[in-house]
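Below is one structure, written out as structure tokens; the observations come after it.
The values are calculated or read from the model by the stated rules, or taken from the named source; none is laboratory data. Since the structure is predicted, the reported quantities are computational estimates derived from the model, not experimental observations. Cβ atoms come from the backbone with ideal geometry, glycine included; neighbour counts cover every protein chain shown. Quick note on the areas: whole protein, heavy atoms, side chains included, nothing else; ligands and nucleic acids left out. Shrake-Rupley method; radii C 1.70, N 1.55, O 1.52, S 1.80 Å.
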Amino acid sequence: MTISRRLFPNSSAMGEPSIAASAATVSNLATSEGSIVLTSLSADDRRRAFRDITSGIRQWRIWWLLGTGDIRSRYARSRLGQLWITVSMAIFVIAIGLVYSMLFNQPIQQFLPYIAANMVVWALIAGIIGESGTIFTQSESFLRQEPLPRTVFVMRILVRNTMSFAHNIILVPICFLAMGHWPSWTWLLVPLGLGLILIAGFFTALLLGLLCTRFRDLPQIIQSIIQIAFLITPVMWPAESLRGKAAWVVNYNPFAAFLHIVAEPLRGIVPSAWTYSLAVAAILLLAAASLPLFTRFRARIVYWL
């Protein structure tokens, strides 16, 4: 796909070497591609990484256009279009809610809203993590033609998954009202939890996108980890069912923390200070891991494609 210069007016400001001019450096980079070794970061590396992040965020028109375009192209020419996102989630929630309410001997009036809130939030978390591994490989045609900020493509998947979340969240008030529950003031805490998930998603995508571009087996491993995380996180089973020694599975589970900071306010519950603390600690760890790697190896991403 050819990208118009008019569409990306600031791309030349990134200080990136052109593909042709940088071809001579490929052999030098290839000698150290056998492993990722985090050596000392130069001031120039830090400056370019900082410029990449700030420039990528400022170019919101590009990542907004790319993210929404992905959603539109995915459902192009279908009868329901983007409404399929909502319909698919509604079918899943109703089916799982009915079966698991009988399996766990839970009243459907309580369990269906529980499943609806949890599944909508989990779909956002799993979507960001699952798509993080292919951020740069799927954007190869863009990266090989234009020296765009790498963070543009990180923001692209955040937009894509936030759009899907916006389609799915419609189900929650419908489900609650259908089961006789009225919205609570705790819904005002939902934007705070959603913001924390997106911040964590930004650093997660930055980290996994870089690592998965270099090591192509990692995306399959990440998909397996997501499935395990789904099973050990109280998405489809009540967190209260784990008591005693097994409670640590939920109490120290960062996936559960990010799930609860949005799902619990939707269910009329104020998340505990421990839950918010665990989510913030996870964000700090992700930032500490992703930023140095991105600073050191940002320029090599295009050569790993």
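Based on this model, can you work out whether Ile232 counts as without any contact (Cβ under 8 Å) to a residue 24 or more places away in the chain and under 20 Å from Val93 (Cα atoms)? Answer is yes for this residue.
Leu83 passes every criterion in (1) out of contact with any helix residue (DSSP H, G or I) (no Cβ under 8 Å at 6 or more places or on another chain); (2) at pLDDT 50 or above; (3) open to solvent by 50 Å² or more (accessible area, probe 1.4 Å) apart from (1).
Within the range 206-224, restricting attention to residues that are without any contact (Cβ under 8 Å) to a residue 60 or more places away in the chain and assigned to a helix (DSSP H, G or I), the residue that is least open to solvent (accessible area, probe 1.4 Å) is Ser224. Checking Leu278, Leu286, Leu259 one by one, the residue that is touching a residue at least 24 places away in the same chain (Cβ under 8 Å) and within 26 Å of Asp45 (Cβ to Cβ) is Leu286 and no other.
So which of Ile94, Ile128 ends up being under 12 Å from Ser164 (Cα atoms), at pLDDT 90 or above and surrounded by 13 or more Cβ atoms within 10 Å (Cβ to Cβ)?
Values: Ile94 fails: under 12 Å from Ser164 (Cα atoms).
That would be Ile128, the only listed residue that is under 12 Å from Ser164 (Cα atoms), at pLDDT 90 or above and surrounded by 13 or more Cβ atoms within 10 Å (Cβ to Cβ).
Select from the range 99-111 the residues that are open to solvent by 20 Å² or more (accessible area, probe 1.4 Å) and touching a residue at least 12 places away in the same chain (Cβ under 8 Å) and write down the one among them that is farthest from Leu231 (Cα to Cα).
If we filter the range 99-111 for residues that are open to solvent by 20 Å² or more (accessible area, probe 1.4 Å), which is where we start, we get 99-100, 102-110.
If we keep only those that are touching a residue at least 12 places away in the same chain (Cβ under 8 Å) too, we end up with 100, 104, 106, 108-110.
Details: Tyr100: 14, Phe104: 15, Gln106: 19, Ile108: 21, Gln109: 23, Gln110: 21 Å.
Per the stated criteria, the residue is Gln109.
Summed over the range 239-290, residues that are within 27 Å of Asn168 (Cβ to Cβ), open to solvent by 20 Å² or more (accessible area, probe 1.4 Å) and not in a helix (DSSP H, G or I) total 6.
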